[in-house]
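Everything on this sheet refers to the single structure shown next.
The values are calculated or read from the model by the stated rules, or taken from the named source; none is laboratory data. Predicted model only: the values in this text are computed from it and were never measured. Ideal geometry is used to build each Cβ from the backbone, glycine not excepted, and the neighbour counts take in all protein chains shown. The area values use the complete protein model at the heavy-atom level, side chains included, leaving out ligands, DNA and RNA. Shrake-Rupley method; radii C 1.70, N 1.55, O 1.52, S 1.80 Å.
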Amino acid sequence: MMDDLKNELYKMLEQVGQSHLLRYWDSLDDAQRTHLAGQIKAIDWPRVLEWLHTAEGGISKESLSRLVPAPYKPAVPVSQDDKTLYAQAREKGEAMLAAGQVAAFTVAGGQGTRLGYDGPKGTYPVTQLKHKSLFQVFAEGILRTQKKYGTCIPWYIMTSNINDSATRAFFKENSYFGLKAEQIMFFSQGMLPAFDLARGKALLEAPDSLALSPNGHGGSFEALRSSGALDDMAAKGISTISYWQVDNPLIKQFDTLFLGLHSLLGSDMSSKALIKRDAKEKLGHFCLLDGKLTIIEYSDMPDELLYKEDEAGLLAFRAGSPAIHTISRSFIERLTATKLELQPHKASKKVKHLNENGELVSPDKPNAIKLEFFLFDALPLASNPLILEGNRQDEFAPVKNAEGDDSPASSRRYMLDKAVRMLRQAGVNVPLKADGSPDAVIELSPAIFGDADDVKANIAMIPEIKPGSELYIG
Ligand code: UTP
């Protein structure tokens, strides 16, 4: 029986030059063999190897010369037409929420290697005083919004094999942070093997296990379909998906302007843009390539384009992507109706693996190629893809690195600054230090406070803020 299995696998792998994966077969017990066979069979090897050989490490020189900056809608409308449109869009967005047409979708399947935190990134205690996790911050924002609109917002969370059970357990232990267990659907994305950099051979991380990693946030589309999440959305009457990444606690989860513009302008997939702080800020760039919207990664943009200025003396490619999108369910239905042909990207990474001698090694320099799909690669396939300028201070505080930029420390600073701005806009006195920074640590509960209007509506909850105080309000 196991011999038949070995023969079957061997035939399959030999054709694609990967029979070395059976190197330890004869020393494995039945359970281990079943495990390895399951992993091998789950992979469409010819397709993956084609990707390995055709995937781009970046964008071609020739295409670079054809890139132009993509136009975007301003955060604050300037023309009379836009003023009218934005007012209508806000109303539309509110109506969509009230009608229960909007779902939340968070991608949380990544490995979070840069943060180096032991556990799913969403469980990271991100807030300053109550140490609420990223997941709790999002859950409370959903609670606040559904209360405001008298609705129930379904929340779809994409995990991966590396963190699915820990994520589910975390929610369960925390009683779903006040949400109903049934309104949250967890599902896992696909995994792809890592290949040895020099020879294109898939790596093993154990005698009975491939070195697999999640297939990128672009794996969302297929995972939404194969998990039944899309069908679930259809059954619930969801037309529109608010997408965010697990690492941004400042995300405006349900921005009525963004949702409304997406709908009124008939967009399949809309994006928020942030104006880059400087030419070297590491955000993806919104560009048009032959009229099609596309995001070009920071690392693929030559200095010549990064520093290019427009007639007004501003950076020409200043619209950067914080990975915040509104996506129509119908678009994902269409994309995944047949096999989705997004091209994965190749990246050289350090991947733990068994070496020739069967020893587990942790390389100190990149030794492997990983393939990852990017969600934004669907943009060129979208009709009327709208870009709306967002406000960095109000909606972007990513937790990517352990220290420095985009770290827990910087994220907490931005959260504090936003809390202070909301309080001051609502007329609350916040003591400041001589350098203008807040002279208090204040944490506002996302279950109650999303903007200055929420502060005004709950002003009785706000105590006097004394210099040097630490205050949680919720
Ligand atoms: P990043 O590109 O920042 O990757 O993901 P990461 O895995 O979180 O962190 P590093 O690069 O290993 O340090 C951006 C978002 O996309 C999700 C992540 O969970 C995060 O919300 N993501 C990334 C997935 O859901 N699946 C993936 O395969 C990759």
Which one of the conditions (1) free of Cβ contacts under 8 Å to residues at least 24 places away in the same chain; (2) more than 16 Å from the ligand (Cβ to nearest atom) does residue 118 fail to meet, given that it meets all the rest? (2)
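Mind listing whichever residues of segment 214-234 are in contact with a strand residue (DSSP E or B) (Cβ under 9 Å, 6 or more places away or on another chain), within 16 Å of the ligand (Cβ to nearest atom) and either open to solvent by less than 20 Å² (accessible area, probe 1.4 Å) or without any contact (Cβ under 8 Å) to a residue 60 or more places away in the chain (or both)? Walk me through it before giving the result.
Going residue by residue through segment 214-234, those that are in contact with a strand residue (DSSP E or B) (Cβ under 9 Å, 6 or more places away or on another chain) are 214-220, 223-224, 226-229, 232-233.
Add one more test, that the residue is within 16 Å of the ligand (Cβ to nearest atom), and what stays is 214-220, 223-224, 226-227, 229.
214, 215, 216, 218, 219, 220, 223, 224, 226, 227, 229 - these are the residues of segment 214-234 that are in contact with a strand residue (DSSP E or B) (Cβ under 9 Å, 6 or more places away or on another chain), within 16 Å of the ligand (Cβ to nearest atom) and either open to solvent by less than 20 Å² (accessible area, probe 1.4 Å) or without any contact (Cβ under 8 Å) to a residue 60 or more places away in the chain (or both).
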Among 237, 260, which is in a loop (DSSP other than H, G, I, E, B), small (Gly, Ala, Ser) and in contact (Cβ under 8 Å) with a residue 60 or more places away in the chain? 237
Verdict on residue 111 being in contact (Cβ under 8 Å) with a residue 40 or more places away in the chain, part of a loop (DSSP other than H, G, I, E, B) and within 13 Å of the ligand (Cβ to nearest atom): yes
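Only residues that are over 14 Å from residue 242 (Cβ atoms) and more than 16 Å from the ligand (Cβ to nearest atom): list them for segment 95-108, please.
Applying the first criterion (over 14 Å from residue 242 (Cβ atoms)) to segment 95-108 yields 95, 98-99, 108.
Result: 95, 98, 99.
Modelled with pLDDT of 95 or more and either small (Gly, Ala, Ser) or surrounded by fewer than 21 Cβ atoms within 10 Å (Cβ to Cβ) (or both): is that true of residue 279 in this structure?
Working: modelled with pLDDT of 95 or more: yes; either small (Gly, Ala, Ser) or surrounded by fewer than 21 Cβ atoms within 10 Å (Cβ to Cβ) (or both): yes.
When the stated conditions are applied, residue 279 passes them.
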Answer yes if at least one residue in segment 244-253 is within 16 Å of the ligand (Cβ to nearest atom) and of a type in the set (D, E, K, R), and no otherwise. yes
Could you count how many residues in segment 147-189 are part of a loop (DSSP other than H, G, I, E, B) and either surrounded by fewer than 20 Cβ atoms within 10 Å (Cβ to Cβ) or away from the ligand (no atom under 16 Å from the Cβ) (or both)? 10
Kindly indicate whether residue 144 is on the phi < 0 side of the Ramachandran plot and part of a helix (DSSP H, G or I). yes
Just for segment 121-130: of the residues that are outside any helix (DSSP H, G or I) and either over 16 Å from residue 173 (Cα atoms) or in contact (Cβ under 8 Å) with a residue 24 or more places away in the chain (or both), which one is farthest from the ligand (Cβ to nearest atom)? 129
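Of all residues in segment 369-390, how many are within 14 Å of the ligand (Cβ to nearest atom) and in contact with a Lys or Arg (Cβ under 7 Å, 6 or more places away or on another chain)? Lay out the reasoning, then the answer.
Taking segment 369-390 as the starting set, the residues that turn out to be within 14 Å of the ligand (Cβ to nearest atom) are 370-377.
Within this subset, residues satisfying the condition of being in contact with a Lys or Arg (Cβ under 7 Å, 6 or more places away or on another chain) are 370-371.
Number of matching residues: 2.
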Going through 399, 420, 441 one at a time, which residue ends up being part of a strand (DSSP E or B), surrounded by 14 or more Cβ atoms within 10 Å (Cβ to Cβ) and at negative phi? 441
Residue match in segment 28-40 (condition: more than 30 Å from residue 309 (Cα to Cα), over 28 Å from the mean Cα position of the chain (by Cα), of a type in the set (D, E, K, R) and part of a loop (DSSP other than H, G, I, E, B)): yes
For the list (1) at pLDDT below 95; (2) basic (Lys, Arg); (3) within 21 Å of residue 371 (Cα to Cα), I need the number of the one condition that residue 41 fails. (1)
For segment 367-388, how many residues are open to solvent by less than 50 Å² (accessible area, probe 1.4 Å) and outside any loop (DSSP other than H, G, I, E, B)? 12
What is the residue count in segment 333-366 for residues that are at pLDDT 95 or above, in a strand (DSSP E or B) and open to solvent by less than 70 Å² (accessible area, probe 1.4 Å)? 3
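Out of the residues in segment 50-90 that are in a helix (DSSP H, G or I), within 27 Å of the chain's Cα centre (by Cα) and at pLDDT 95 or above, state the one that is surrounded by the fewest Cβ atoms within 10 Å (Cβ to Cβ).
Going residue by residue through segment 50-90, those that are in a helix (DSSP H, G or I) are 50-54, 61-64, 80-90.
Next, only the ones that are within 27 Å of the chain's Cα centre (by Cα) stay: 50-54, 63-64, 86, 89-90.
Add one more test, that the residue is at pLDDT 95 or above, and what stays is 86, 89-90.
On the way: 86: 20, 89: 25, 90: 17.
The residue in question is 90.
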